[in-house]
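Data first, discussion second: the structure below is written as structure tokens.
The values are calculated or read from the model by the stated rules, or taken from the named source; none is laboratory data. Just so we're clear, the structure is a prediction, and the values are computed from it rather than from any experiment. In this analysis, Cβ positions are derived from the backbone assuming ideal geometry, glycine residues included, and neighbour counts consider all displayed protein chains.
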Amino acid sequence: MGETILIEGNAAVALALKQINPDVVAAYPITPATEVVQEFSEYVANGKVDTEFVAVESEHSAMSACIGAAAAGGRVMTATSAQGLALMWECMYLAASLRYPIVMALANRALSGNINIHCDHGDGMGCRDSGWIQIYCENTQEIYDNTIQAVRIGEHLGVRLPVLVCYDGFVISHAVEVVDVLDDSEVRDFVGPYTALNSLLNIDNPISVGPLDLQDYYFEHKRNHAEAYKAVPDVVEDVADAFAKLCGRHYGALDEYRMDDAEAAIVLLGSTAGTVKDVVDSLRNQGRKVGVLRIRMFRPFPAEPLVKALSHVKAVGVMDRHAALGTYGAPLFADVRSALYGRCSMPVLDYMYGLGGREISMAEIRGVYDELEQVVKSGATETRIQYLGVRE
């Protein structure tokens, strides 16, 4: 059995990495993810793990080293944030296309400019089409649990895709929370030994990696990648069931809160869901039929479960912690609206909030529910795209 401890979000990632004991971790520190690799490097230096820790000169080099280690047959993990992820862009697509189950912790942070080290989801949204699985966490317990589950999800033989474990920078990366942790042996038994496919070090089966792929096969390879994505939702549920048997905590693609009879619902990602749940409880005590739907697995997007969860709702407000410039609404809004199109007829509103770490208040969230309920009554919406909490 494990124990209950007080721990920061970044330290929870480092602890999970220590218990998983990957073959290679290649990383370059960047705020607010720095503590992940800093603390993990101490585990390496103190002989707590067998991991080869590769200190590189940039995030592009970090992901390049991760890809090389994965090609050689290793279980590989890393961490980054914001500009660090942006510098990995080229390599992110390569890792996914090569079907290497690298696991990366992403402490979500605003992208420059101007320079800002605080939270929004611009970094994760920027690589949403790169082919990585994306899982978003609400709290530190989930950071720890999702990091462990991500290994088993990505390495599943029906998937073999890299996984991003995303969590809000500073909001929970540096927040100390009570977390139930497992024993090292329980974690290692859960993730199991790593089975490499097509290793460069297998001299009996020589292969090439990253060859030129022009008109003859590039399209088919991308189609094959899309097919691999289809297996992910079932694998996520299977891994969630196995994890629940181990510790009693279950995580699916979605987290529904007081949604059974909700007429107005907020859909969102990340730690703000905890605050929205408190608002929902307060409004429920007033007899108002409101709920919140947190999307845990953002990629592949859980369209069918989302439609099912929202099918009875009369108005939906999507809260996007990212500003999409030059398009109609931010990415989560676009995905939700696309999934509902032709299936449900309720109005869907987008609220962009929290950019660069801007605080979101309970009063502002109540205001969203007020507006959604007014839409339910009147059936009319003046503005579908709004900025919540900005000084106009």
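Miscellaneous remarks
- Taken across the stretch 142-153, residues that are of a type in the set (Asp, Glu), modelled with pLDDT of 95 or more and closer than 30 Å to GLY274 by Cβ do occur, with at least one present.
- Restricting ARG321, ARG358, ARG294 to those that are out of contact with any Gly (no Cβ under 7 Å at 6 or more places or on another chain), of a type in the set (Lys, Arg) and not assigned by TED's automatic domain parsing to the domain that holds ALA82 reduces the list to ARG294.
- Cβ-Cβ contacts under 9 Å between residues 6 or more apart (or on different chains), taken from a first residue in the stretch 189-202 that is within 14 Å of HIS156 (Cβ to Cβ) to a second residue that is among the polar types (S, T, N, Q) and not in a loop (DSSP other than H, G, I, E, B), are listed as PHE190/GLN149; VAL191/GLN19; VAL191/GLN149.
- Screening GLU237 with (1) acidic (Asp, Glu); (2) over 17 Å from CYS137 (Cα atoms); (3) under 22 Å from the mean Cα position of the chain (by Cα) gives one miss only, at (2).
- Reported count of residues in the stretch 70-90, each being over 18 Å from the mean Cα position of the chain (by Cα) and either surrounded by fewer than 23 Cβ atoms within 10 Å (Cβ to Cβ) or free of Cβ contacts under 8 Å to residues at least 24 places away in the same chain (or both), is 6.
- Restricting the stretch 1-48 to residues that are within 21 Å of GLU186 (Cβ to Cβ) and acidic (Asp, Glu), the residue that is surrounded by the fewest Cβ atoms within 10 Å (Cβ to Cβ): GLU3
- For the stretch 30-73, the set of residues classified as within 18 Å of GLY9 (Cβ to Cβ) and out of contact with any Ser or Thr (no Cβ under 9 Å at 6 or more places or on another chain) consists of GLN38, GLU39, SER41, GLU42, listed by residue number.
- Cβ separations smaller than 6 Å between residues 6+ apart or across chains give the following pairs from the stretch 1-22 residues that are touching a residue at least 12 places away in the same chain (Cβ under 8 Å) to residues that are among the small types (Gly, Ala, Ser) and buried (at least 21 other Cβ atoms within 10 Å of the Cβ): GLY9/SER173; ASN10/SER173; VAL13/ALA105.
- In the stretch 311-335, the residues that are modelled with pLDDT under 95 and crowded, with 22+ Cβ neighbours inside 10 Å: none
- TYR167 vs. criteria in contact with a Cys (Cβ under 6 Å, 6 or more places away or on another chain), crowded, with 24+ Cβ neighbours inside 10 Å, at pLDDT 95 or above and aromatic (Phe, Trp, Tyr): yes
- Residues of the stretch 174-191 satisfying the condition of being in a loop (DSSP other than H, G, I, E, B) and within 13 Å of PHE243 (Cα to Cα): LEU182
- Among residues of the stretch 227-249, those that are under 24 Å from LEU197 (Cα atoms) and exposed (fewer than 11 other Cβ atoms within 10 Å of the Cβ), counted: 1
- The criterion of being surrounded by 12 or more Cβ atoms within 10 Å (Cβ to Cβ) and either outside any helix (DSSP H, G or I) or touching a residue at least 24 places away in the same chain (Cβ under 8 Å) (or both) does not hold for SER208.
- Filtered by the rule that a residue be of a type in the set (Lys, Arg) and within 15 Å of the chain's Cα centre (by Cα), the stretch 259-296 gives ARG294, ARG296.
- Here VAL267 fits the description: at pLDDT 95 or above, assigned by TED's automatic domain parsing to the domain that holds ALA334 and within 26 Å of PHE333 (Cβ to Cβ).
- Any hit, the stretch 111-131, residues being over 15 Å from the mean Cα position of the chain (by Cα), surrounded by fewer than 22 Cβ atoms within 10 Å (Cβ to Cβ) and acidic (Asp, Glu): no
- Scan of the stretch 355-382 for residues that are in contact with a strand residue (DSSP E or B) (Cβ under 8 Å, 6 or more places away or on another chain) and either under 23 Å from SER338 (Cβ atoms) or part of a loop (DSSP other than H, G, I, E, B) (or both), ordered by number: ILE360, VAL368, GLU371, LEU372, VAL375, VAL376, THR381
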